[in-house]
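Peer 1: I have a structure here, written as structure tokens, and I will follow up with some questions on it.
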Amino acid sequence: MGREILNMSRITKIYPNGVMANKDVSLSVEEGEIHALMGENGAGKSTLMKILFGIEAYDEGRITFDGRDLVHAASAAVIKSGIGMVHQHFMLVDSLRVYENIILGLEPVKGPVINAARAIAETRALGERYNLKVDPLARVEDISVGLKQKVELLKVLLRGARLLILDEPTAVLTPQETEELFGQLLLLKKNNHTIIFISHKIREVMKICDRVTVLRAGRNVGALKVAQTCPEEISRLMVGRDVVLKLDKRPRREGPPLLEARGLSLTNRFGKATLKKVDFQLRSGQILGVAGVEGNGQNELAEAIFGLARGAEGQVLVKGRDILGLSIRRIRDLGLSYIPEDRLTLGLAAAGSVWQNLIPDRADSPALKTWGFLSLRKIARHAGELIEAFNILCRGPDQEAGLLSGGNMQKVVVARELSADPDVLIANQPTRGIDVGANEFIWKKIVEMRDAGKAILLVSADLNEILELSDSILVMCEGEAAAYFEDAAAVTEEELGLRMLGYKSKEAAAHGQK
Amino acid sequence: MDKNSRIRFEMLKTALAVTLALGLVFVIILLVSREPQAAIRSFLGGPLSSLRRFGNVIEAMTPLMFTGLSVTMLYRAGLFNLSMEGGFFIACVAATASAVTLNLPAGLNLLVALAAGALAGGVSSLIPGALKVKCHANELVTSLMLNYVLLYLGLYVIVNILHDPAMSSNYSYAFPSNMLFPRLIPGTRINAGVFVALGCAALVYVLLDRTSFGYKVTMIGHNSRLAEAAGINVGRTIILSQLIGGMLAGLGGAVEMFGMYKRFQYQGLPGYGWDGVLIAIVAQFKPQFVPLSAFFLAYLRIGADIMARETDVPSEIVAVIQAVVIVLISAEAILKGYQRRLVVRQARKEEALNG
Ligand SMILES: Nc1ncnc2c1ncn2[C@@H]1O[C@H](COP(=O)(O)OP(=O)(O)OP(=O)(O)O)[C@@H](O)[C@H]1O
Ligand SMILES: [Mg+2]
């Protein structure tokens, strides 16, 4: 360590819509370090990395990597010089197999045909070497997010990257997967790879990073050695104030059950049972956290309840009425709303404007109309209020939603679903990719809803979130409700983790019995 | 860039594309013609040289507006298909059938025939839309296949049922004369049809941009899965949008029949559906620009026709010219650099103001 391998100096970037995403930003990274890049949503982290990777042009500044100038180099040249990037929103071809994705563009050929056997072997070997095991023959659409991440990493490593850019890699991972990823990153570091690591979770940064550069509103506000700083200092730099992700929750005052699942089962299109006779009850004034290792039925549970998964069996009772098989319109009219797991498929229309994305569930509402016609004035006012209340960083309601930063896209979705004022909120990873300040805000909102007597089903991969927010916890394992804790405060993270892995108790885990 | 400067920029871009296209057209004319000056003069000035010729432009513009609007509507929901081509044609047949077989009183007969045309057109687009929603059949394929069915079905009806034996070709019986749209300007065939088209443009604008139905159609076109999760009835909205889109093409066919002809006399698909796609692209899929875009294409066509008649430039060149203009207008890259400089300058100014 010690030798500077990357230097980005005084980078300024203005997007075609006039957003100044980076202003005189500098970044210096040493060889063999894990360097964190932090900042609020829209601070310009992804932009800076896209510039480095050669997929966004910049207006001013210079970049040197490993002693060589990378001035306005194209992505192909950047990759060649040894830089690889795993994007915030994955870039994989879903219909192709894992090994096909990994070799895309570098296919080993035998005459005019791709040498598949060699490609598969290479994928395996690489996976062994970096402890990134994935089945090369699986189709990307069938594998979990955690595995997709590994595929992305392998893709980058196969191209000989010595500097890896990871844009919010942990946002989509479970704690176990995050641990695993950290192990792999440390292994890479030991092999003298350099890593730029973007995350909103200060804990993670404190844990594995050597230094941290903080951006705010497109500018540098600091570069610190992690060993010589504390979480408070980082959050103060990022947000300009102290953010403590701790909640003061009032004791719960529960009312009648609002949502109840009875024997809820689901079989996916491959014939696999993803939900097996799940029962639970959610009462007014209660936050029920759903925990589990990714792919154990939590997402399916949320989608089945909201009518997004076809063919669910059993009963889902809302205020005593079975909603299974009802249209989503009816379900919403009964007072449910839904924050989907993946903002880009179910949450947002990237080609639409911000205001268009804020009203799809209420387009028929008389509050947005005058004489039966949509009133652009009323809509603009409504959208403006939500933008303000949820602090969505954009150039106004007319901006294209696809051009927002990842966290601000998420805020659009959350703003819409919370402002629908539901009785039952199904929140599937509500704070994914959101900065600490906004995270605090959304938590507060959810708790406010609870105190107002609403019911919240919180699905989250973030154990900390589950433990902080939930009144009660349901653990999913292999499609079953593996455990239920009436009082979340009495559960430890360790116990939860064991239950997620399918162990019945601590003693059973010690003996390896499930 | 704010809204105003963006609109100004778009206009500048279109103007530049047209200028470039015309420049290229002149080069082509210079290459193929021995009397280039005369050719250019009749191409550009021809349509304005007499009332009758200008009338031709307005007449040609009417069906183009209808199919342009039809495409705008059909594509808003994200269903790229060509059902308006067959829909336009079969609507002409349906309107003819209604006109020559039903013996209705004046006024009512026209209304019924227009409705018959709109209905026939609507059904032609409804079918691919419904197949898409119910069976996930690709709408482009089904609409293309359906167009053949409609073409031969239509010709069958004309030849076997509506054919006027007094005529040598496959012409239908003549329409009752009290059904024809009144000609508005003596010396031209300009008729009330053009106002019907303009009215439709206004209606489509309101429907798409000012009603929740139009908003839903737009969102489905953007991301149908989001629309579904938000509680929009995606299937029904798509089907309705296709029905309305098809009805616009159908109404266009019927209006064309009673505005321009005395009897049905098409021998094949007239091609207005394809033109509609061009018009909609140039209008950037915004109904309010469709009339302008249709006028532009009609002007090009009539100008080129006149040039072909009066000089040695073959009329096929028209097709080349059309292609050049469309490509240039839809080209995103024109003025990119200029736009960038504009944006950067503005962003810096804002930056300076905000400190
Ligand atoms: N393609 C684009 N066109 C226009 N503006 C953009 C584009 N991409 C990003 N922006 C804007 O640039 C700013 C910085 O975005 P960026 O994606 O770099 O943020 P970020 O720091 O990665 O945030 P997050 O934590 O939410 O991912 C934001 O205001 C965003 O709206
Ligand atoms: Mg980002």
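The values are calculated or read from the model by the stated rules, or taken from the named source; none is laboratory data. Since the model is a prediction, treat every value here as computed from it, not as a measurement. When we count neighbours, we look across all protein chains shown, and the Cβ atoms used for this are built from the backbone with ideal geometry, even at glycine. We work out accessible area using only protein heavy atoms, side chains counted, and drop any ligands, DNA or RNA first. Shrake-Rupley method; radii C 1.70, N 1.55, O 1.52, S 1.80 Å.
Peer 1: Excluding ligands, DNA and RNA, what is the solvent-accessible area per residue of region A:221-334 at a probe of 1.4 Å, expressed in Å²?
Peer 2: Per residue, region A:221-334 has 50 Å² of solvent-accessible surface.
Peer 1: How would B:Y152, A:Y58, B:Y205, B:Y272 line up by accessible area, probe 1.4 Å, largest first?
Peer 2: B:Y152, B:Y205, B:Y272, A:Y58
Peer 1: I need the peptides A:92-102, B:256-266, A:361-371 ranked by packing, meaning the mean over residues of other C-beta atoms within 10 angstrom, with the highest value on top.
Peer 2: Ranking the peptides A:92-102, B:256-266, A:361-371 by packing returns B:256-266, A:92-102, A:361-371.
Peer 1: What does the helix-only formula give at 222 nm for chain A: each DSSP H stretch with n ≥ 4 adding -39500 (n - 2.57), the total divided by the residues, and the result rounded to the nearest 500 deg cm²/dmol?
Peer 2: -9000 deg cm²/dmol
Peer 1: Taking Cα pairs under 8 Å and at least six residues apart, what relative contact order does chain A come out at, in percent?
Peer 2: The normalised contact order for chain A reaches 15 percent.
Peer 1: With a cut-off of 8 Å between alpha carbons and a minimum separation of six or more residues, what is the relative contact order of region B:61-290 in percent?
Peer 2: 43 percent
Peer 1: If you don't mind, there's one more thing I want to ask. Taking each residue in A:358-371, count the Cβ atoms of any other chain within 10 Å of its Cβ, then average. What number comes out?
Peer 2: 4
Peer 1: For chain A, find the longest principal axis of its Cα atoms and tell me its angle to the long axis of helix A:436-451, 0 to 90°, nearest 10.
Peer 2: The angle comes out at about 10 degrees.
Peer 1: Also: Principal axis lengths of the protein assembly as shown from Cα atoms, whole Å, largest first?
Peer 2: Result for the protein assembly as shown: principal-axis Cα extents of 100, 67, 61 Å.
Peer 1: Under 22 Å Cα to Cα from B:K262, which lysines show up? Leave out anything in the same chain fewer than 8 places away.
Peer 2: Partners found: none.
Peer 1: Longer than 22 Å from Cα to Cα, which of A:K45/A:K246; A:K249/A:K445; A:K23/A:K411; A:K150/A:K276; A:K277/A:K319; A:K277/A:K504 are they? Say none if no pair is.
Peer 2: Violating the 22 Å limit, Cα to Cα: A:K45/A:K246; A:K23/A:K411; A:K150/A:K276.
Peer 1: OK, next. In whole percent, and with a 1.4 Å probe on the protein chains, what portion of the accessible area of chain A is carbon and sulfur?
Peer 2: Heavy-atom surface of chain A belonging to carbon and sulfur, 1.4 Å probe: 51 percent.
Peer 1: Under the Karplus relation 6.51 cos²θ - 1.76 cosθ + 1.60, θ = phi - 60°, what is the ordered set of whole-Hz ³J(HN,Hα) values for region B:167-173, x standing for Gly and Pro?
Peer 2: For region B:167-173, the Karplus-derived couplings read 9, 7, 7, 7, 8, 7, 4 Hz, x marking Gly and Pro.
Peer 1: Tell me, what HN-Hα J-couplings in whole Hz come from the Karplus equation 6.51 cos²θ - 1.76 cosθ + 1.60 at θ = phi - 60° for each residue of region A:131-141, using x for Gly and Pro?
Peer 2: Per-residue couplings from phi come out as 6, 10, 8, 9, 7, x, 8, 5, 7, 4, 5 Hz.
Peer 1: Taking the alpha carbon gyration tensor of chain B, what are the square roots of 5 times its eigenvalues, largest first, to the nearest whole Å?
Peer 2: 36, 30, 18
Peer 1: Quick check: the distance between the Cα centres of region A:49-86 and region B:73-118, to the nearest angstrom?
Peer 2: The distance from the Cα centre of region A:49-86 to that of region B:73-118 comes to 59 Å.
Peer 1: Next up: Magnitude of the Cβ-charge dipole of region A:92-158, K/R +1 and D/E -1, about the Cα centre, nearest 20 debye?
Peer 2: Around 200 debye, computed over region A:92-158.
Peer 1: If you wrap region A:92-158's Cα atoms in a convex hull and average its projection over all directions, what's the area in nm²?
Peer 2: Projected over every direction and averaged, the Cα hull of region A:92-158 covers 4.1 nm².
Peer 1: Cβ under 10 Å from A:T47's Cβ, A:T47 left aside: what net charge do those residues give with Lys, Arg +1 and Asp, Glu -1?
Peer 2: +2
Peer 1: Amide H of A:S26 versus every other amide H placed in the peptide plane: which residues, excluding those fewer than 5 positions away on the same chain, fall under 5 Å?
Peer 2: Long-range HN contacts for A:S26: A:R10, A:I11, A:N220.
Peer 1: Given chain A, what percent of its DSSP beta bridges are antiparallel, to the nearest 5?
Peer 2: The answer is about 55 percent antiparallel.
Peer 1: Oh, and also: Ordered by packing density, taken as the mean number of other Cβ atoms within 10 Å over each peptide's residues, highest first, how do B:73-79, B:249-255 rank?
Peer 2: Packing order, densest peptide first, comes out as B:249-255, B:73-79.
Peer 1: Give the lysines whose C-alpha is closer than 16 Å to that of B:K13, dropping any in the same chain fewer than 8 places away, or say none.
Peer 2: Partners found: B:K3, B:K336.
Peer 1: Could you tell me which helices of chain B pass both thresholds, a Cα extent of 18 Å or more along their own axis and a mean Kyte-Doolittle hydropathy of at least 0.5, with helices taken as whole DSSP H runs?
Peer 2: Those that clear 18 Å and a mean of 0.5 are B:3-32, B:51-76, B:83-101, B:108-135, B:139-157, B:193-210, B:234-260, B:290-310, B:317-330.
Peer 1: Then there's this: Take every residue in peptide B:203-212, count the Cβ atoms of other chains within 10 Å of its Cβ, and give the average of those counts.
Peer 2: Counting other chains' Cβ atoms within 10 Å and averaging over B:203-212 gives 3.
Peer 1: Can you give the helix-only mean residue ellipticity at 222 nm for chain B, where every DSSP H stretch with n ≥ 4 adds -39500 (n - 2.57) and the sum goes over all residues, rounded to the nearest 500 deg cm²/dmol?
Peer 2: -25000 deg cm²/dmol
Peer 1: Follow-up question, since we're still on this one. Could you work out how far helix A:376-389 tilts from the main Cα principal axis of chain A, as a 0 to 90 degree angle to the nearest 10?
Peer 2: 70 degrees
Peer 1: Would you mind checking which residues have amide H under 5 Å from A:R211's amide H? H placed 1.01 Å from N; only 5 or more apart, or other chain.
Peer 2: Here the answer is A:I34, A:A36, A:V226, since their amide H atoms fall under 5 Å of that of A:R211.
Peer 1: Report relative contact order for region B:187-323 in percent, whole number only (criteria: Cα-Cα under 8 Å, sequence separation at least 6).
Peer 2: Answer for region B:187-323 is 22 percent.
Peer 1: Residue separation times 0.36 nm, minus the C-alpha to C-alpha distance between A:S265 and A:N464: what's the value?
Peer 2: Taking 0.36 nm per residue and subtracting the Cα distance, the gain is 68.8 nm.
Peer 1: Sum up the charges of everything whose Cβ sits under 9 Å from the Cβ of A:D279, counting Lys and Arg as +1 and Asp and Glu as -1, but leave A:D279 out.
Peer 2: +1
Peer 1: Okay, next question. Once the other residues with Cβ under 12 Å from the Cβ of A:Q149 are scored (Lys, Arg +1; Asp, Glu -1), what is the net sum?
Peer 2: Net charge around A:Q149: -3.
Peer 1: When Cβ neighbours within 10 Å are restricted to other protein chains, what is their mean count per residue of peptide B:228-238?
Peer 2: Neighbouring Cβ atoms belonging to other protein chains average 6 per residue here.
Peer 1: Specify the angular offset, from 0 to 90 degrees and rounded to the nearest 10, of the alpha carbon long axis of helix A:116-129 from the longest principal axis of the alpha carbons in chain A.
Peer 2: On a 0 to 90 degree scale, this one is about 90.
Peer 1: Here is a further query. Go through A:77-87, A:442-452 and give me the packing order, highest mean Cβ count within 10 Å leading.
Peer 2: Packing proxy ranking, top to bottom: A:77-87, A:442-452.
Peer 1: Hey, any idea what the orientation-averaged projected area of the convex hull of region A:213-323's Cα atoms comes to, in nm²?
Peer 2: Averaged projected hull area, Cα only: 11.6 nm².
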